[in-house]
Each structure stands twice: as structure tokens, then as C-alpha cells.
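Step one of this worksheet: look at the structure below.
No lab work stands behind these numbers, since they all come straight from the coordinates. In this text the structure is predicted, and so the values were computed from the model without any measurement. Here the Cβ positions follow ideal geometry from the backbone for every residue, glycine too, while neighbour counts run over all protein chains shown.
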Amino acid sequence: GNRLNDRDVPRILKEMAKAAGLTLNPSGHSARVGVAQDMTAAGFGLAEIMQAGRGKSPAMPARYSENQQARRGAAAKLAALQDRT
């Protein structure tokens, strides 16, 4: 019933990783990066990702998803047209 604070998300993620037997140390920021990458891979645009993450600047969501953007960007499209995929 209580609201989450800035320390709750990383704590919950770490507990979930431990319970799953994973040896990683996720942070609250890891979730932001992951959701931006997942949304980009699913075809959502930068404005939609910013809205979902309550972003004020496009810089960070764009940076988080630059690899996914490159996979479907102009160079990837050209390679596909030239049958070089």
C-alpha cells in the first residue's frame, strides 16, 4: 500500500535476480534502459518511449536504443535492398 521510493526499485530488482539464480547486479536504471530497448525493437518511436518513461529529453532514450535503431536504420535498409543482410 505504500509508494515506492528511489531505493525500492533497485532493491526489488536485486531480490528478483537473486531469486532467479542470476549473478548480476541490476539497478533501477537498468530497467529504464531495457524498456527503451524493448520498445524500440517493437517499433515504438522516440516520442512514445519518452512519454512512457516520462522523459524530459530525447538524448538518453535515443542513446539507450541506438543499437536497435541501427539495426533498422538507413544502412540496414540499404543492405537489405542490395541483398547483403
What residue among 13, 46, 22 has the largest mean-square fluctuation in a Gaussian network model of the chain, using Cα springs under 10 Å? 22
Inter-label distance for residue 27 and residue 71, nm, one decimal - labels placed 7 Å from Cα along Cα-to-Cβ: 2.4
With +1 on each Lys and Arg Cβ and -1 on each Asp and Glu Cβ, and nothing else charged, work out how big the dipole of the stretch 6-64 is about its Cα centre, in Debye to the nearest 20. 180
Checked against the positive end of the charge dipole of the chain (+1 on Cβ of Lys and Arg, -1 on Cβ of Asp and Glu, about the Cα centre), the farthest of 33, 49, 9 is 9
Between the helical axis of 28-41 and the dominant principal axis of the chain, each derived from Cα atoms, what acute angle in degrees is found, rounded to the nearest 10? 30
In the set [x] 21, 14, 11; [y] 32, 17, 9; [z] 40, 12, 9, which value of semi-axes √(5λ) of the Cα gyration tensor in Å was calculated from the structure you see? [y]
When the helices in the chain are scored as -39500 (n - 2.57) per DSSP H run of 4 or longer and the sum is shared across all residues, what 222 nm value do you end up with, to the nearest 500 deg cm²/dmol? -17500 deg cm²/dmol
Which trypsin sites (Lys or Arg not before Pro) does the chain hold that lie in a coil by DSSP with at most 13 other beta carbons within 10 Å? 3, 7, 54, 56, 72, 84
Under the 7 Å Cα-to-Cβ spin-label approximation, residue 4 and residue 35 lie apart by a distance in nanometres of 0.7
Note: residue 47 to residue 78 extended length (0.36 nm per residue) minus current alpha-carbon separation gives 8.7 nm
